[in-house]
Amino acid sequence: MTPAGNATFRYSNAALLAVTHIEAPVRVSSARFEDELAPTRRRLRLPDNLLERVSGVVERRWWEPGTRFDDPAIEAGAKALAEAGVDPARVGLLVNTSVTRTHLEPSVAVRVHHGLSLPPSAVNFDITNACLGFVNGIMLAATMVDAGQIDYAVIVNSEDSRGTQETTLRRLSRPEVTREDYRREFASLTLGSGAAAAVIGRADLHPGGHRVVGGVSRAGTEHHELCVGSLDGMFTDTKGLLDGGLPLVTAAFTEANNGAGFRWSDMDRYVTHQISTPYTNAIIEAIDLPADRVPITFAYWGNVGPASLPMTLAAQADSLAPGDRVLCMGVGSGLNTAMLELEW
């Protein structure tokens, strides 16, 4: 039975004009984490190289000490506006989608709005939806462009995993830590830092832009307790997430092809949220994706939260040709999934 409501959607006049990313400069290997946790691993009889072998994350990035996490968001936004050739004075919407934050209010968006010198008329706010936030930001921007409410939108994201991972390492080094504790915090060690931004605008004003075609969204909120993150750490039932997320993604993909007529079985690129080797392989197998069209960045960037998908898309941009079809496949704790088709 096809779900009722607004779970599938198409856009008529929205285009991606630019997508950019900023790599955090400090490389932190999984081997370093393994060394720091060696006493705990020996006591719990855990094998060497467990983190890299299980997750596929060889290294991740951190910002330099003292870096404000929202500064790279401003940098990425400015870079995206420059690449799009859009005057900041014409921007009508700014959405920050970062999970990272140092305070509850005001929004992260206000500092980014100020840093980009956007006009007072530009609506600005945060959207937080775990790792799905950036895709949701594009969806909202495209809707507002189609409605004629704005001509241009900027979506930004910046994540800083350093503090969370340092806290996690200290906690897992305590003598009372159990195997269950280690398992629940294992995913925290796969996180990474980075930033991304995108500019969405009117396709009729930018015929060379990349059309935002449409997509599908599905919720599996019965799984909302499987991954819970805070400023101190992220506590995850990794197997439960895979067991709950895989049917959700499969159902959304199947419905889009069978009920909504999107024809996603032969895209030129599938840009997925970057988590780990087991997750990526499971998605590829479940919906029969061609593995050579699924770019991988988690091995050297880690899971950069909502920034991971746009960072991967930005890294792929130069290899895409006009007319190529790209499917952005996002998943966020909660669980929620959304898939968005772009025509390059």
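The values are calculated or read from the model by the stated rules, or taken from the named source; none is laboratory data. Please read all numbers here as calculations on a predicted model, not as lab measurements. As a convention, Cβ positions derive from the backbone with ideal geometry for all residues, glycine included, and neighbour counts pool all protein chains shown. Side chains included, ligands, DNA and RNA excluded: accessible areas come from the protein's heavy atoms. Shrake-Rupley method; radii C 1.70, N 1.55, O 1.52, S 1.80 Å.
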Index of the failed condition, R101 passing every other in (1) assigned to a helix (DSSP H, G or I); (2) surrounded by 14 or more Cβ atoms within 10 Å (Cβ to Cβ): (1)
Please go through segment 89-107 and pick out each residue that is in contact with a strand residue (DSSP E or B) (Cβ under 9 Å, 6 or more places away or on another chain) and among the charged types (D, E, K, R). R90, R101
Let me spell it out: the conditions are (1) within 15 Å of D70 (Cβ to Cβ); (2) surrounded by 23 or more Cβ atoms within 10 Å (Cβ to Cβ), and F125 meets all of them except one. Which number is the exception? (2)
Output for segment 1-50, where each listed residue is at pLDDT below 95 and among the acidic types (D, E): D48
Search segment 170-181 for residues that are surrounded by 10 or more Cβ atoms within 10 Å (Cβ to Cβ) and pair each with any residue that is among the polar types (S, T, N, Q) when their beta-carbon atoms are under 8 Å apart and the residues are at least 6 apart or on different chains. L172/T40; S173/T40; V177/T40
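Could you pull out the residue among D160, D146, D151 that is open to solvent by 10 Å² or more (accessible area, probe 1.4 Å), in contact with a helix residue (DSSP H, G or I) (Cβ under 7 Å, 6 or more places away or on another chain) and in contact (Cβ under 8 Å) with a residue 40 or more places away in the chain?
Among D160, D146, D151, only D151 is open to solvent by 10 Å² or more (accessible area, probe 1.4 Å), in contact with a helix residue (DSSP H, G or I) (Cβ under 7 Å, 6 or more places away or on another chain) and in contact (Cβ under 8 Å) with a residue 40 or more places away in the chain.
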Residues of segment 261-276 satisfying the condition of being in contact with a Lys or Arg (Cβ under 9 Å, 6 or more places away or on another chain) and open to solvent by 40 Å² or more (accessible area, probe 1.4 Å): R263, D266, D268
Hits in segment 301-330 - residues which are more than 21 Å from S29 (Cα to Cα), surrounded by 24 or more Cβ atoms within 10 Å (Cβ to Cβ) and in contact with a Leu (Cβ under 6 Å, 6 or more places away or on another chain): C328, G330
Is at least one residue of segment 165-187 of a type in the set (V, I, T), under 27 Å from M329 (Cα atoms) and either at pLDDT below 95 or touching a Gly at 6+ places or on another chain (Cβ under 7 Å) (or both)? no
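Restricting to segment 222-246, count the residues that are closer than 21 Å to N303 by Cα, in a helix (DSSP H, G or I) and either modelled with pLDDT of 90 or more or of a type outside the set (D, E, K, R) (or both). Before the answer, list the steps.
Our first condition is that a residue be closer than 21 Å to N303 by Cα; within segment 222-246, this holds for 223-246.
Add one more test, that the residue is in a helix (DSSP H, G or I), and what stays is 223, 238-246.
Of the ones still in play, those that are also either modelled with pLDDT of 90 or more or of a type outside the set (D, E, K, R) (or both) are 223, 238, 240-242, 244-246.
Residues meeting the conditions: 8.
Residues that are within 30 Å of L116 (Cα to Cα) and open to solvent by less than 20 Å² (accessible area, probe 1.4 Å), at least 2 per element: which strands (runs of 3 or more DSSP E) completely within segment 1-77 meet that? Explain how you work it out, then say what you get.
Working: elements: 8-10, 14-23, 26-29, 59-62.
Strands (runs of 3 or more DSSP E) meeting the threshold: 14-23, 59-62.
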